[in-house]
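Accompanying notes for the structure given below.
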């Protein structure tokens, strides 16, 4: 394999290998996700009716915070050891290379949440038809969180303590995703059609996939210079 | 060309501008008659930069590091070329060891293997002699000489006096 596909593949493979050699960091956001959701019945009330009502919001807020929590490391180590500089000096288009990094990040932080979410939904007594909608919204929403978050990380990677700024930058952009996703799951639980919200999330994902890589690339060039 | 100057005189900043990582506040950097910012892909395929941060992942072995580096550099490569490059810099037999178990000088040698495995015309080297032992310095010097004899160019900073066969332009920043 050579050329751009080879570079994309090499970068994706490298980030996945690095993630699996740091299994502790890999499990961290997932444990965080698991803990927030499981603590709700203990902290609020174990009453089934109440849990069923708040379940979409609880799971989605936990997913959103876990995504935010896992973002910090997306470019940090690359920035510190100079791998980011070498990526910027690659002959390949930077926007495609950052897409490989975001994809690797989503595969290790977003995708496992998709598998965990149905179990947590059962724990919170969510009806079956809502679980399907939940997985569907997470499938469209978590890559969106990774893409939007990566822009924020790229802008703040040069700062020593960029954590607070990252949250401030990214959170407002996460709100629409949260609103559409939880609305879809709540509607599905009530037996109403959810195609409108799902289409909207899909449209947002396509928009982010088109525009975010260029924005991330530009932000990285500014941060490193 | 050797860039000289006291600490803080702007050697590293100059090199970062030359390689296109930083932007000059005034003026342009040209490569083959055109501004490098308008022909990034072309310029980057002919230039290799070795900075203070080597760009080596400490969890990966020398071999794994170089595979990624060469894929990014857009040169077709064979596995055997990487092994040859590692052998030339004296890392034969250490290809599979994670870089974190190697010394600073050996990491520097991995970075040199990168320069060898992807042949580029222009080398921009920031303090290429730091962390290297006596044999390492001799190795780097001979690699530089070979590169220049092949018609390559090199811009480097160094606090040590460098003696190379052929002409060496010295620029002192103040």
Sequence-separation-based contact order of the stretch B:75-161, relative, with Cα cut under 8 Å and 6+ spacing, percent: 29 percent
Considering only the stretch B:2-173, percent of DSSP beta bridges that pair antiparallel, nearest 5: 15 percent
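Relative contact order for chain A using alpha-carbon pairs under 8 Å, separation at least 6, rounded to a whole percent?
Relative contact order here is 26 percent.
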Estimated inter-spin distance, residue A:202 and residue B:150, nm [label 7 Å along Cα→Cβ]: 5.2 nm
Most mobile listed residue (B:31, B:112, B:123) in chain B, GNM with C-alpha springs under 10 Å: B:31
Förster radius 51 Å - calculated FRET efficiency between residue B:22 and residue A:195, Cβ distance, rounded to 0.05: 0.55
Largest to smallest principal axis extent of the C-alpha atoms in chain B, angstrom: 46, 35, 30
Orientation-averaged projected area, Cα convex hull of the protein assembly as shown (nm²): 21.8 nm²
Value of relative contact order over the stretch B:1-137, rounded to a whole percent, pairs C-alpha under 8 Å and six or more apart: 29 percent
Cα extents of chain A along the three principal axes, largest first (Å): 56, 34, 34
Principal-axis tilt of helix A:23-43 within chain A, Cα atoms, nearest 10 degrees: 20 degrees
Cα long-axis angle, helix A:195-224 against chain A (0 to 90 degrees, to the nearest 10): 30 degrees
Distance (nanometres) between label positions extended 7 Å along Cα→Cβ at residue A:35 and residue B:163: 6.2 nm
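Considering only DSSP beta bridges whose two residues both sit in the protein assembly as shown, what percent are antiparallel, to the nearest 5?
Looking only at bridges with both residues in the protein assembly as shown, the antiparallel portion is about 15 percent.
A short reminder: the numbers here are calculations on the coordinates, not readings from a lab. Please read all numbers here as calculations on a predicted model, not as lab measurements. When we count neighbours, we look across all protein chains shown, and the Cβ atoms used for this are built from the backbone with ideal geometry, even at glycine.
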